[in-house]
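Shown next, in structure tokens, is the structure this report addresses.
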Amino acid sequence: MDRLSNTWTASDYIKIGLNGMPANSLGGIDVTYRCNLRCRHCYFLKQGYHSELSTDQWLAKFERLKDNGFPFMICGWMGGEPLLRKELVDKGRRYFKSNIIFTNGTIDLPDWPDVTFSVSIHGTEDYYYRMTGAKPGTYQHIKKMLIDPILMW
């Protein structure tokens, strides 16, 4: 699917302004149960879920939804750590007009200018390590990755 074919248009904004968001236009995809951290508060760890669809299975599902007129407005990509499955997110994001990736920030963020990244950092550096079990240096790596692009402007 061509990314440009699923971008926001003036017509979209007018329709939403007049009629509100279409049903099922905001949703989330649990990309994977896997994660490279062990956060104390993580619901994925608590549910013991150990199954996931392949990239091809997801894309086939998106195509079926498209054939049935699904609106493909806004998608939240989450997990586990969704960037462990960059290929799926990269291919799947092209179906949606807006994408938000909920990540722990331990994996370098891809250069996807049409995506919003929501990076979880839990409090102070000390508290972060107690909550996540991350290896030393992770907090500073995340902070540098997020701050450097801002300073480049």
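No lab work stands behind these numbers, since they all come straight from the coordinates. Treat the numbers as computed from the prediction; the structure is a model and nothing was measured. Positions of Cβ are backbone-derived with ideal geometry, glycine not excepted, and every protein chain shown enters the neighbour counts.
Assorted remarks:
- Looking across the range 119-148 at every residue that is assigned to a loop (DSSP other than H, G, I, E, B) and within 17 Å of Asn36 (Cβ to Cβ), the one that is nearest to the chain's Cα centre (by Cα) is identified as Ser120.
- Inter-residue pairs, beta-carbon under 9 Å, first acidic (Asp, Glu) and in the range 42-63, second in a loop (DSSP other than H, G, I, E, B), 6+ apart: Glu52/Tyr33; Glu52/Arg34; Glu52/Gly80; Glu63/Met1
- Filter result for Phe62 (in contact with a helix residue (DSSP H, G or I) (Cβ under 6 Å, 6 or more places away or on another chain) and in a loop (DSSP other than H, G, I, E, B)): no
- Meets criteria (among the charged types (D, E, K, R), without any contact (Cβ under 8 Å) to a residue 12 or more places away in the chain and either surrounded by 12 or more Cβ atoms within 10 Å (Cβ to Cβ) or under 30 Å from Tyr13 (Cα atoms) (or both)) for Asp67: yes
- On inspection, Leu18 qualifies as more than 19 Å from the chain's Cα centre (by Cα) and over 23 Å from Phe62 (Cα atoms).
- Cβ-Cβ distances below 7 Å connect the following pairs, each with a first residue in the range 19-38 that is more than 15 Å from Met78 (Cα to Cα), a second residue that is of a type in the set (A, V, I, L, M) and assigned to a strand (DSSP E or B), and a separation of six or more residues or different chains: Ser25/Ile74.
- The residues on offer are Gly92, Gly123, Gly137, Gly133, and the sole one that is of a type in the set (Gly, Ala, Ser) and in contact with a strand residue (DSSP E or B) (Cβ under 8 Å, 6 or more places away or on another chain) is Gly92.
- Tyr49 satisfies every condition listed in (1) in contact with a helix residue (DSSP H, G or I) (Cβ under 8 Å, 6 or more places away or on another chain); (2) exposed (fewer than 14 other Cβ atoms within 10 Å of the Cβ) except (1).
- The requirement of being surrounded by 13 or more Cβ atoms within 10 Å (Cβ to Cβ), under 13 Å from the mean Cα position of the chain (by Cα) and farther than 30 Å from Lys15 by Cβ is fulfilled somewhere in the range 85-102, by at least one residue.
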